[in-house]
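> Sharing a structure here in structure tokens format.
The values are calculated or read from the model by the stated rules, or taken from the named source; none is laboratory data. The model shown is predicted, which means the values in this text are computed figures rather than measured ones. For neighbour counting, all protein chains shown are included, and Cβ atoms are generated from backbone atoms with ideal geometry for every residue, glycine included. Accessible surface areas use protein heavy atoms only, side chains included; no ligands, DNA or RNA. Shrake-Rupley method; radii C 1.70, N 1.55, O 1.52, S 1.80 Å.
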Amino acid sequence: MQDNPFETRRELRARKLLIGGILAVIAAVITNAILFRFRSSPLPSALFILFVYGFFFLFNFGGLSRVSLSYDRLFGGFPAWRRLGRYALWVVPLVIVSIAATYILYLPLSYVFPGFVESWYLESSTVMIWTEGDNYIPANAINYLTIVLVAPVMEEFFARGILLTRWTVKWGVPRAIIVSSVVFGLLHTNFIGGFAFACVMAILYIRTKSLFIPISLHILNNLTAWIMESLTMDLDPPVSYQTIAEFQESWAIGLIALVISIPCVIVFWRRYISKNDWRVPYLTEVPESENNANLKEGK
């Protein structure tokens with residue numbers, strides 16, 4: 001068996017990745033401050049997020065290149081299109097769960113800490129599509145590329161491929177799923193929704209032994225959010241909430257989403273959690289012939 005860099009090498013320790021993330025944010029802030037002095041354009045905001053992912057990759061590329069990391073074992077085989085299509089159907093429940101999670105988290109807080117919810121959620125949410133400002137068209141193109149392609153690939157590679165595997169070696173699978181999902185959730189405005197999404201991606205990665213499935217679902221999830229934003233931004237009245245009162249008055253949306261989410265969670269639990277093979281892909285030596293056979297059969 002090939003040496004396991006998650007067990008024998010120090011370069012893949014999770015703390016180095018987290019430090020790399022902090023340095024990436026700092027580097028992106030400095031780069032944006034140097035390149036863009038005027039904020040009348042949304043272009044700096046779009047490039048900032050792309051810079052964060054780019055610097056994060058650069059800061060960790062050296063450590064990854066120095067170890068004998070097998071990308072074939074980490075990513076696994078590409079699934080059959082029919083199998084991928086079946087898993088892709090879970091994107092709709094994931095979006096609904098995310099909506100329910102938003103209300104579970106922010107609706108109670110809006111009554112206790114309205115100022116925090118207004119500044120953190122209503123005003124500081126990530127802008128997906130700009131309709132005005134200088135260079136807003138290239139900014140939207142960069143934002144689309146980042147949200148729909150770069151973010152899913154980078155986040156699944158590091159959160160599920162690297163962190164989940166490393167922390168499984170250290171703490172075991174259940175704690176690794178929880179801790180890596182907490183880290184993922186903290187990087188998103190909707191912590192509960194991000195945490196739930198990360199848990200689902202981790203479970204599907206472990207079950208299917210293919211990182212291409214969570215990457216594909218992540219891409220579809222972000223693409224769905226982008227399409228929903230583009231279709232609803234011109235509605236009158238707008239779907240987005242400008243004030244705490246408007247958000248609180250929309251509580252029925254959260255309730256409907258929660259009611260729909262409950263049976264989805266039950267089905268997912270019965271299908272993928274109660275009958276799962278709890279072995280992280282990289283730590284499971286699977287013969288290539290058997291792996292290919294499983295992918296073709298949709299197991």
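> Being part of a loop (DSSP other than H, G, I, E, B), of a type in the set (S, T, N, Q) and crowded, with 21+ Cβ neighbours inside 10 Å is the filter here; which residues of segment 156-209 pass it?
none
> Of everything in segment 82-98, what is more than 15 Å from the chain's Cα centre (by Cα) and surrounded by 18 or more Cβ atoms within 10 Å (Cβ to Cβ)? Give them in sequence order.
R83, L84, Y87
> Can you confirm whether I203 is over 18 Å from the mean Cα position of the chain (by Cα) and among the β-branched types (V, I, T)?
no
> Only one of (1) open to solvent by less than 40 Å² (accessible area, probe 1.4 Å); (2) under 10 Å from the mean Cα position of the chain (by Cα); (3) not charged (D, E, K, R) fails for I219. Which number is that?
Single failed check for I219: (1).
> Here's something else I'd like to know. Are any residues in segment 162-184 farther than 20 Å from F75 by Cα and among the aliphatic types (A, V, I, L, M), and if so, which ones?
I178, V179, V182, V183
> Let me ask something else. Only one of V112, V95 is closer than 30 Å to V265 by Cβ and either hydroxyl-bearing (S, T, Y) or in contact (Cβ under 8 Å) with a residue 40 or more places away in the chain (or both). Can you tell me which?
Details: V112 fails: either hydroxyl-bearing (S, T, Y) or in contact (Cβ under 8 Å) with a residue 40 or more places away in the chain (or both).
Checking each option against the conditions leaves just V95.
> Which of the residues belonging to segment 111-133 are among the acidic types (D, E), modelled with pLDDT of 80 or more and exposed (fewer than 12 other Cβ atoms within 10 Å of the Cβ)?
Answer for segment 111-133, where residues must be among the acidic types (D, E), modelled with pLDDT of 80 or more and exposed (fewer than 12 other Cβ atoms within 10 Å of the Cβ): there is none.
> Do you know which residues across segment 62-79 are open to solvent by 80 Å² or more (accessible area, probe 1.4 Å) and over 22 Å from S210 (Cα atoms)?
R66, the sole residue that qualifies.
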